[in-house]
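The values are calculated or read from the model by the stated rules, or taken from the named source; none is laboratory data. What you see is a predicted model; the values in this text were computed from it and never measured. Glycine also receives a Cβ, built like all others from the backbone with ideal geometry; neighbour counts cover every protein chain displayed.
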Amino acid sequence: MNSPIRYKQLVQLILAHARQIIREPGVLFWGIIFPILMSLGLGIAFTKKADVTRDVAWISTWQSPSGTEPGSLISAFMESNHAIKESDKDGSVLYRITIPDDKLGNTTFTFRTMNWQKAMVLLKRGNLTMIIGERYGQIEYHFDPLNPDAQLIYLKLSNLFQHPSVLQQTSNTSIKPLTVTGTRYVDFLVPGLIAMGVMMSIMWGVSYEIIDNRAKKLLRRMVATPMKKSHYLIALITVRVGMNFVESGLLFLFTWIAFGIKVQGSVPALITIFMAGNIAFAGIAIFMSSHTAKTEIGNGLINLVSMPMMVLSGIFFSYHNFPEWSSSIIQKFPLTMLADGIRSVFIEGAGFAEIAVPALILASTGIIFFLAGLKIFRWH
């Protein structure tokens, strides 16, 4: 801009910079609107609500040695506290009990009846943190002892089951710590970190490099060579994908040594979903960087794509913390599909059958965006 050179006075310099900001919509968006949107998303996830809902899996099919009705103590608790019986989306039965508290807010416990296999899958996915059941005349609590949220639920539930309104003596409780591979928080976290690493590496390593080279007029020099633009783009993607394999491998090696992380499912399926995620983000990166020559706009575009997904897609915490209506939307994000796919192979023992659909969607998304970006790509 020539205004700062042409006008010497301080006032004119200030006015020139003000006009520059006003004329650039991207500056207003990233400086004002985007931080507000980020605070809104984080606020929904982390702000304490007046009413808290806790999901608990109830294994109601264990028989006691005396042959009495399964789960009689818990059933008596449900009856004495006037639990509301409902039908879940999948046809299973759930019970809701609301504990009023004027000072700390009401707490609603949702007890979902299910078998042990389904409960473990939901626990590994982060959909719930506590499993209860009754066996040998005792109420058993299954949870990760290192999970603060699970500890809090245990303290509240154990206090409720010892309330005089319960008809049976329930002081004989049994705690079953879930410390096996797949149920710990670190087992949930590591696959998410691998997925996020793929996204950030591709978005910044491919997209930003193209925009930066275009801004520095380096692409203008390349266009004079007999090099095809498709070769240039594929070379960038290949190098970055190779680096992602190395980085993810080192992360897995460290967590395997330090925490005993294991891949419980199919390794070829893991490689397939990993490659599909790389293809998806590579195509998106090419499409975003195909036209602009300003690094400021490039930074904004990359953050526009990566930051919401990094917050919403279940990398550090389950996206089920968000309102229920938003889960179906979040599950369609590329990072969510990649993280859920990697996590299912790591901790749920998934194979090709489970990751086939998300892998196909991710790969198709990447190819479509790549072809569209190649079509509109410009050197300068």
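Per the listing 131, 84, the residue uniquely surrounded by fewer than 16 Cβ atoms within 10 Å (Cβ to Cβ), at pLDDT 80 or above and not assigned by TED's automatic domain parsing to the domain that holds residue 324 is 84.
Checking each residue in region 107-128 for being under 11 Å from residue 56 (Cα atoms) and either outside the structural domain of residue 81 (by TED's automatic domain parsing) or hydrophobic (A, V, I, L, M, F, W, C) (or both) picks out 109, 111, 114, 119, 122, 123, 128.
Can you list the helices (runs of 4 or more DSSP H) lying wholly within region 285-378 that have 3 or more residues being surrounded by 18 or more Cβ atoms within 10 Å (Cβ to Cβ)?
Working: elements: 295-312, 324-330, 334-348, 352-376.
Those helices (runs of 4 or more DSSP H) span 295-312, 334-348, 352-376.
What about residue 98, is it closer than 12 Å to residue 57 by Cα and either among the β-branched types (Val, Ile, Thr) or in contact with a Gly (Cβ under 6 Å, 6 or more places away or on another chain) (or both)?
On the way: closer than 12 Å to residue 57 by Cα: no; either among the β-branched types (Val, Ile, Thr) or in contact with a Gly (Cβ under 6 Å, 6 or more places away or on another chain) (or both): yes.
The answer is no for residue 98.
Going by the structure shown, is residue 275 modelled with pLDDT of 95 or more, surrounded by fewer than 20 Cβ atoms within 10 Å (Cβ to Cβ) and assigned to a helix (DSSP H, G or I)?
So residue 275 passes the test.
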